[in-house]
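Presented below is the structure to which this report refers.
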Amino acid sequence: MNKHNTRVAVLVRVSTAKQETARQISELKQYADAKGYEVVEICQETISGSAENGERHGLARVEQLARDGRIEKVLVHEISRIARKNSVAHQFVEALEDCNVSLYWHAQSIETLLPNGKRNPAAGIMLALLAEMARNESETLRERIKSGLALARSRGVILRRPKDTNIVVTISFPCHSPSRE
């Protein structure tokens, strides 16, 4: 008797080339191995989570795998790895569900489809909540950066590249330790 191996795609994303996907891939491959899943493809992206659907080649590739019937699940580390825009996250999940492909996000161990193939209502609620939190986190980070740059300017720091160079100026700010609050 042949045991059916669930075919999965692993989707990982980082925002900048300075970041690495190795931790996400390692954890998701360990999970897949533990479950006996067959990893069909690992789709990696280096792009802002705020990017639009048309710019997201990793998402497009996973959707194509789903439409072609090559996968049954998609594994991501957390919802923010899909997108930091609610609309992109929801459209992606809906596209997968239209193909009867479930999304599993590792951080909360939640899957969008139940074993019987029906939509998991708890996952829908969590997706909405976590997608909104990811969007809010992105906005908060943008505000912190603006505030930090304004503080640097007020202290006389010049925030531009020298003419005719590709040097990127890095400004560091004192660390804030949550344990001291």
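Since every read-out is calculated from the coordinates, none of them should be taken as a lab result. Just so we're clear, the structure is a prediction, and the values are computed from it rather than from any experiment. Using ideal geometry, Cβ is built from the backbone for each residue, glycine included, and neighbour counts are taken over all protein chains shown.
Structural remarks
- Peptides ranked, highest mean first, by Cβ atoms within 10 Å: ranges 28-34, 86-92, 69-75: 69-75, 86-92, 28-34
- Checking the Cα-Cα distances for K35/K73; K18/K73; K73/K118; K85/K146 against a 22 Å cut-off, the pairs over it are K18/K73.
- Gain upon complete extension [A22, D68; 0.36 nm per residue less C-alpha separation]: 13.9 nm
- Residues of region 1-41 with an amide N closer than 14 Å to a point placed 7 Å from the Cα of N100 along the Cα-to-Cβ direction: 7.
- Along each principal axis, taking the top coordinate minus the bottom one, the Cα set of region 42-104 gives 28, 21, 19 Å in descending order.
- When peptides 148-155, 109-116 are ranked by their average number of other Cβ atoms within 10 Å per residue, the highest-first order is 109-116, 148-155.
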